[in-house]
Structure formats: structure tokens, C-alpha cells
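The values are calculated or read from the model by the stated rules, or taken from the named source; none is laboratory data. Predicted, not measured: the structure shown is a model, and the values here were computed from it. Cβ placement follows ideal geometry from the backbone for every residue including glycine, while neighbour counts extend to all protein chains displayed. For the accessible areas, the whole protein counts, side chains as well, though only heavy atoms, and no ligand, DNA or RNA atoms are used. Shrake-Rupley method; radii C 1.70, N 1.55, O 1.52, S 1.80 Å.
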Amino acid sequence: MKFGWIAAALTAAACIAPAHAADKIKVGFLSTLSGPGGALGVDIRDGFQLALKHRGDKLGGLPVELSIVDDQQSADTGRQAAERMLKRDKVDVMTGMVFSNVLLPIMPSILGNDTVYLSTNTGPAEYAGDKCNKNFFAVAWQNEDIPAAMGQYVDGKGPKSVYLIAPNYPGGRESIGGFKRLYKGKIAEEVYVKMGQLDFSSELAQLRASGADSAFFFLPGGMGISFIKQFVASGLSKDITLYAPGFSGDQDTIKAVGEPMLGMFNSSQWAADLPNEANQKFVADFEKTYGRIPTLYASQGYDAAMLLDGAVRDVKGKIEDKAAFRKALRAANFKSVRGNFKFNVNQYPIQNYYLRVVGRDKDGRITNRTMKTILADYHDPFASSCKMAQ
């Protein structure tokens, strides 16, 4: 009887004992690293790894065990890899996924395992509103935000009508929804194509017949490259102004398309020429390390690692105290390359969105230049529906 009481007391004491600092942090990096969308995941990975290099391969002072797996832009492949990371590797944090149609089927397993997920790209509406989750942090944006900024800009230009085109998947539909949220003018056509489509001859013929004088497109990776090339080759660029969110007008697309992109406007939460100190160091070191101008994807990977670094440091390495760790993540105690950054109640960013135009830099290279701020300290429209219990 006495010994049973002592055992119970010791068990209770163990439960309330303070967490000890971990000897390392395990990060599962699952991303699209091959196929038409592979360049996006590669940039996120390279940005993340550059941040680790800047921190001496540590996060908040803890050594990092980083597992990198290609989801091949497949939810089934990604789900299997995520299960291995969660059950076999017992990762502390997961990150890296590019596309919402891959992320959404996998997320219940990650969140159900009480594992923190840092989204380095997609920010689905599903986790921004009433289904917000204490373990889901959108480091990049909510899917509607960047397109909404472009919608705001185009609305001010007063076009006759706008032709809209995007892939038929959650990120595509939400991008068009975001544009329409702040663009109040006439829509000529709203067209959704198959994910991965590379031939746009039919859609370009439809665009020509629509009478639109402007077009807004969100076509990620190789889709956008093909669309722009075919748009210019068709002669439509003489009569129709092309607008895009930053993820369809970024350096990966510029590198593949070249001069036909000169003068194209796009919106983004980040640009390589933002003057803050953290960004200048990131851009210079990324170019030195990888031999190319970084994309917004790379900036998001970098920021995700720096967010982790700040949170692990703030909990003094005690990442086993998940409540304290999440609180530290929400505090976002790091210097973002995009400038001002903080989390809303739904753990999606409050940040600025900029107008960029494709031009030439001082060295004659084709890249984006920041023109102005379109939206300042923008709150995504779903946060008011989030009633998260912290």
C-alpha cells in the first residue's frame, strides 16, 4: 500500500516536472522536388538550408536532424512519407509542401499527431477560418492574399474586362476568388484548366474571342512558363495586358521565359530589392551559394527556418513543451526578409503586399523591381472566423 502510494507520487511528479532541453530538433521537410512543379520545392529547400547555414546548422542552438523527401506532387506519395516521418522518425516539426492538393489530404495525419506544421507556400482557406488549428502555421500567405493585392491594383486601372485563368484545384480556385474579392470590374471569362496542362491554344483562342483587354493568370511552375510563351507567340500581348500573382511572375518563370516577360506586373509579399538588412543578406548569400537570384519560394523557406530558430531559442531548447513552443512560434521573434511580419489569430501572416514589375537590374539581368505597396498590414478575410483555443 505504502509502496503503491510512493510509485503514484513519483509518476505524478514526473508528469509535472519541467521539460528538459532537447539534444536536437528533428525536422521533416516534405516537398515537390521533381516534375513540372519541382523548381518551386527546390527553391523552398535551398532557402531553408541557407538559413540553417547562417545559423551554423542549428536552430535556436539545437543541432538539426533534417529529413528531406520528394512528394512528387502526389498526395499518396506524400502521405506515405509523412507517416514515416511522424511514426518512425518522430519528427518535431514538418514543413515544405508546395501545393494545396498535396497538403490538404496529408494535414489531418500531421495535426492529429499533435505535430507542428509550418506551411512554406500554400495557405488554404480550410485552416484559415473556423477549422484553424493550433499546430498549423502559414509562414507564406493565405491563398487569396497575393491575388487579392493584384485585384486591388487592376481595379484601380479600370480595364474594360478581365479574363481569368487558373488550375482547377484548391489553390487555383482560391487565387481566382482572391482576385475577385478586391477587383470589382467586369469579368470576361473565368476558366479553370487541368493541373499540369501545358498546351493553352484553346484557352488563348477563347481569350482572343472574349474581347477582354486584360488577363489575370495563376499557373504555377511549368504551366505558367508555357502559358506566357504561348501568349506572346500568339500576338495577344499587343492588345491584352497580362497580370499575375507573384508566384506566376517570379524568378523561376523569368529565367525560363526571358525578355517576353519584360513589363509584366505581379504582386507579392516579398521582392529581392526590399531594402531591409535581413533581406539584403539573404539575397546576396543565396546568389553566392546557389548562383541564381532567389524566388519568393526561397524567401519563404528561409523565413520558415528563421521563425523556427527564434522559437527554439525563446523556449531555450525545450521543444517538448509543445504549448510553450507554439506560443514562441506565434510570437514570431525573428527578422523576416519581407520586413514587417506577425501572425494573426489564425496563425496566418499580417504583412504588406507589393506591386512588382519585370525589368532589368543594374547589372542588366531580367528580374522583378518593387514599384509600390498595394496592401499594408493586410489581414486575410478568414481570420475573423477562427476561434482557436491556444
Trypsin sites (Lys or Arg not before Pro) lying in DSSP loop within the range 20-108, provided at most 13 other Cβ fall within 10 Å: Lys90
Label the range 270-370 by shape, choosing from rounded, prolate and oblate, from the square roots a ≥ b ≥ c of the eigenvalues of the Cα gyration tensor; if a/c is under 1.5 it is rounded, and otherwise prolate applies when a/b is larger than b/c, oblate when it is not. prolate
Could you calculate the FRET efficiency of Asp273 with Asp377 from 1/(1 + (r/R0)^6), where r is the beta carbon distance between them and R0 is 22 Å, rounded to 0.05? 0.60
Mean separation of Cα contacts under 8 Å (at least 6 apart) over the residue count of the range 290-355, i.e. the relative contact order in percent, is 25 percent
Could you state, as a whole-number percent, how many of the C-alpha pairs of the range 126-201 are farther apart than 21 Å? 37 percent
Given a Förster distance of 35 angstrom, what is the FRET efficiency for Asp321 paired with Ile68, based on the Cβ-Cβ distance and rounded to 0.05? 0.85
How high is the relative contact order of the chain, in percent, counting Cα pairs under 8 Å that sit 6 or more residues apart? 19 percent
Using the structure shown, list the pairs from Lys281/Lys318; Lys134/Lys327; Lys24/Lys90; Lys24/Lys53; Lys26/Lys322 with a Cα-Cα distance above 19 Å, or answer none. Lys281/Lys318
Take the alpha carbon atoms of the range 88-146, find their radius of gyration, then divide it by 2.2 N^0.38 Å using N residues; give the quotient. 1.05
Beyond 14 Å, the calculated P(r) of the range 126-170 holds a percent of Cα-Cα pairs equal to 66 percent
D (Stokes-Einstein, µm²/s), Kirkwood Cα radius, the chain, 0.890 mPa s at 25 °C: 114 µm²/s
Compute, for the range 196-330, the length of the dipole vector about the Cα centre, with Cβ point charges of +1 (Lys, Arg) and -1 (Asp, Glu) only. Units Debye, rounded to 20. 460 debye
Would you tell me the accessible area of Thr32, worked out with a 1.4 angstrom probe on the heavy atoms of the protein chains, in Å² to the nearest 10? 0 Å²
Taking the alpha-carbon distance from Lys194 and a cut-off under 23 Å, which lysines remain once sequence neighbours fewer than 8 residues away in the same chain are dropped? Lys180, Lys229
In nm, to one decimal, how far is the modelled label at Lys90 from the one at Asp361, with both set 7 Å along Cα→Cβ? 4.5 nm
If you take the alpha carbon radius of gyration of the range 210-261 and divide it by 2.2 N^0.38 Å, what ratio comes out, to two decimals? 1.05
For the range 321-390, what ratio Rg/Rh do Cα atoms give with a Kirkwood hydrodynamic radius? 1.14
If you place +1 on the Cβ of every Lys and Arg and -1 on the Cβ of every Asp and Glu, how big does the dipole about the Cα centre of the chain come out, in debye to the nearest 20? 680 debye
The orientation-averaged projected area of the Cα convex hull of the range 52-92, in nm², is 3.5 nm²
Can you tell which of Phe231, Gly61, Leu104 lies farthest toward the positive end of the dipole of the chain, using +1 and -1 charges on the Cβ of basic and acidic side chains (Lys, Arg; Asp, Glu)? Gly61
For the range 120-177, averaging the sequence separation of alpha carbon pairs under 8 Å that lie six or more residues apart and dividing by its residue count, the contact order in percent is 38 percent
If each part is reduced to its alpha-carbon centroid, the range 63-111 and the range 305-331 end up apart, in Å, by 20 Å
Using the scaling law 2.2 N^0.38 Å as the reference, what is the normalised Cα Rg of the range 152-293? 1.09
